[in-house]
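**Q** I have a structure I would like to understand better, so I am pasting it below and will then ask my questions one at a time.
The values are calculated or read from the model by the stated rules, or taken from the named source; none is laboratory data. None of these values were measured; they are calculated from a predicted model. Cβ placement follows ideal geometry from the backbone for every residue including glycine, while neighbour counts extend to all protein chains displayed.
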Amino acid sequence: MESKVVGNNEDLLSGVTRRDFMKFCTAVAATMGLPIAAVPQIAEAVTSPKRPPVIWLSGQECTGCVESLLRTGHPSIETLIFDLISLEYSETLNAGSGHQAEAARAKSIEENKGKFILVVDGAIPVKDGGIYCQIAGKPVLDILNETAPLAAAVIAIGSCAAWGGVAAASPNPTGATPVHEVLKAKGIPVVNIPGCPPNPYNFLSTVIHFLTFNKLPALDDKGRPKFAYSRLIHENCERRPHFDAGRFAEEFGDEGHRQGFCLYKLGCKGPETYNNCSTLPFNDTPGCWPVATGSPCFGCSEEHVGFHSPLFSKAKVVFPTPPAQQPDAVPPKGGGAKGFAYGVAGAAIGAAAVALSQRGGKED
């Protein structure tokens with residue numbers, strides 16, 4: 001096995017070779033759009049013996065965000081919580097329980113005021129004083145309000161924490177509220193990592209950016225890291241050429257669906273959802289995201305789309321008109337001028353189909 005030395009820090013990432021570790025740091029830098037010169041800084045921060053304490057609170061959630069984090073491969077979950085960060089409290093991953101766990105949380109917060117990272121998954125119910133979600137007999141609303149002002153940074157992971165998610169869907173009987181809305185009156189900034197669940201690397205990259213530069217990454221107007229949520233899924237979707245050429249699956253299981261045609265008519269929300277699902281697959285597995293498996297994008301990471309728009313309603317296309325010279329995904333035999341003409345005609349068909357559907361016109 002190769003040496004596990006990074007700078008002057010030795011064996012701080014148990015079981016990881018130096019080569020693999022530097023590949024990881026390089027990949028993180030690339031994910032965040034940082035120059036190659038940032039890689040040594042990331043490596044130094046990640047291997048620092050001063051690991052940041054993390055307090056993880058859970059509100060109204062399904063544990064999916066934690067489950068997705070458990071399936072990371074670079075780093076693995078044990079490397080993450082034992083070497084990169086110090087996970088002081090998590091209801092799902094705690095070794096202890098009951099009074100023991102709550103005492104450990106209180107002790108860590110007291111000893112690390114202004115230094116720990118607060119991670120929250122799940123919506124926060126505010127109706128009736130928040131009695132609909134309690135931890136150790138105390139509303140999570142109160143725990144959040146007491147803990148957030150003491151943290152160095154607050155990260156809302158998952159669409160429930162970022163937007164309210166399924167818990168906040170109409171009629172929202174518990175008053176489920178996003179974390180940033182709860183903390184807005186206190187003036188506490190919150191980083192939103194939406195998704196149901198989000199790609200774990202969007203979360204890990206955000207944490208590593210904070211460790212490296214002692215500040216959060218650049219955020220958009222909704223508090224999302226720009227490196228992950230600045231582009232529409234539709235822009236880099238593997239089915240985009242079919243959209244531009246006017247080739248759509250009309251129903252699940254038809255010939256177009258089996259051939260991988262665009263899923264727009266089946267309710268795909270990729271044209272109005274900002275995320276990097278189409279460029280950063282889950283579980284380090286190429287093609288591991290809904291559209292690649294034949295399922296339309298649900299829009300889970302977009303506010304007011306997932307859990308709010310009807311499942312099979314057509315998306316609002318931000319860029320409905322494709323380039324005039326968009327090439328065919330499957331060029332006709334013969335190519336040349338004839339193939340180019342087919343491409344232009346297909347593009348016009350795609351744009352017309354979208355325009356008609358958005359005006360309530362007939363598409364067939």
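**Q** Which numbered condition trips up Gly195, out of (1) buried (at least 24 other Cβ atoms within 10 Å of the Cβ); (2) touching a strand residue (DSSP E or B) at 6+ places or on another chain (Cβ under 7 Å); (3) at positive phi?
**A** It fails just one condition, (2).
**Q** Quickly run through the range 156-183 and pick out the residues that are on the phi < 0 side of the Ramachandran plot and in a loop (DSSP other than H, G, I, E, B).
**A** Ala169, Ser170, Pro171, Pro173, Thr174, Pro178
**Q** Is it the case, given these coordinates, that Thr321 is of a type outside the set (Phe, Trp, Tyr) and modelled with pLDDT under 85? Walk me through how you get there before you give the answer.
**A** Details: of a type outside the set (Phe, Trp, Tyr): yes; modelled with pLDDT under 85: yes.
Yes, satisfied.
**Q** Something else: Consider Gly195 carefully, then state whether it is of a type in the set (Gly, Ala, Ser) and in contact (Cβ under 8 Å) with a residue 12 or more places away in the chain.
**A** Details: of a type in the set (Gly, Ala, Ser): yes; in contact (Cβ under 8 Å) with a residue 12 or more places away in the chain: yes.
Here the answer is yes, as Gly195 does meet what is asked.
**Q** Tell me the helices (runs of 4 or more DSSP H) entirely within the range 184-276 that contain at least 3 residues that are under 19 Å from Ala30 (Cα atoms) and in contact with a Phe, Trp or Tyr (Cβ under 9 Å, 6 or more places away or on another chain).
**A** 200-213
**Q** Just name the residue that is modelled with the highest pLDDT out of those in the range 43-102 that are of a type in the set (S, T, N, Q) and assigned to a loop (DSSP other than H, G, I, E, B).
**A** Thr63
**Q** What is the residue count in the range 118-155 for residues that are in contact (Cβ under 8 Å) with a residue 60 or more places away in the chain and either buried (at least 23 other Cβ atoms within 10 Å of the Cβ) or part of a helix (DSSP H, G or I) (or both)?
**A** Looking only at that region, the number is 12.
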